[in-house]
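All remarks here apply to the structure that follows.
No value in this document is a laboratory result; all are computed from the given coordinates. The structure presented is a predicted model; accordingly, all values stated were derived computationally and were not measured. Positions of Cβ are backbone-derived with ideal geometry, glycine not excepted, and every protein chain shown enters the neighbour counts.
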Amino acid sequence: FAEAYYDRGLFYKNKGLTDLAIADDTKAIALEPDYAEPYYNRGLAKQAKGDVAGGDADIARARQLKVNIRQ
């Protein structure tokens, strides 16, 4: 179900519904903590709301997970 939450979160972010995007990405992360994409999407949504530090932290975590997955 994590992918479904991520997909809907991505849809919400693209529609400018950042609070809903953040909520769904948070649910996806809770279900699969090593799933990089919801961290990245949530980071972009947080930045759009003005939470630059929170967004940067999520994006950094997404990048870290992607590097770990490739190794």
Review point. Which of the peptides 52-60, 18-26 is most tightly packed, and how do the rest follow, going by the mean number of other Cβ atoms within 10 Å of each residue?
Key: 18-26, 52-60
Revision key, fill the gap. Any aspartates and glutamates whose Cα falls less than 18 Å from that of LYS46, other than same-chain ones fewer than 8 residues away, would be ASP7, ASP19, ASP24, ASP25, GLU37, ASP56, ASP58
Exercise for review: Express the relative contact order of the chain as a whole percentage, based on alpha carbon pairs under 8 Å and six or more residues apart in sequence.
Suggested key: 27 percent
Exercise for review: For the chain, divide the Cα radius of gyration by the Kirkwood radius and give the resulting Rg/Rh value with two decimals.
Suggested key: 0.96
Review point. For the chain, which longest stretch is free of loop sites, where a loop site is one of the trypsin sites (Lys or Arg not before Pro) that DSSP puts outside H, G, I, E and B and that has at most 16 other Cβ atoms within 10 Å?
Key: 16-48
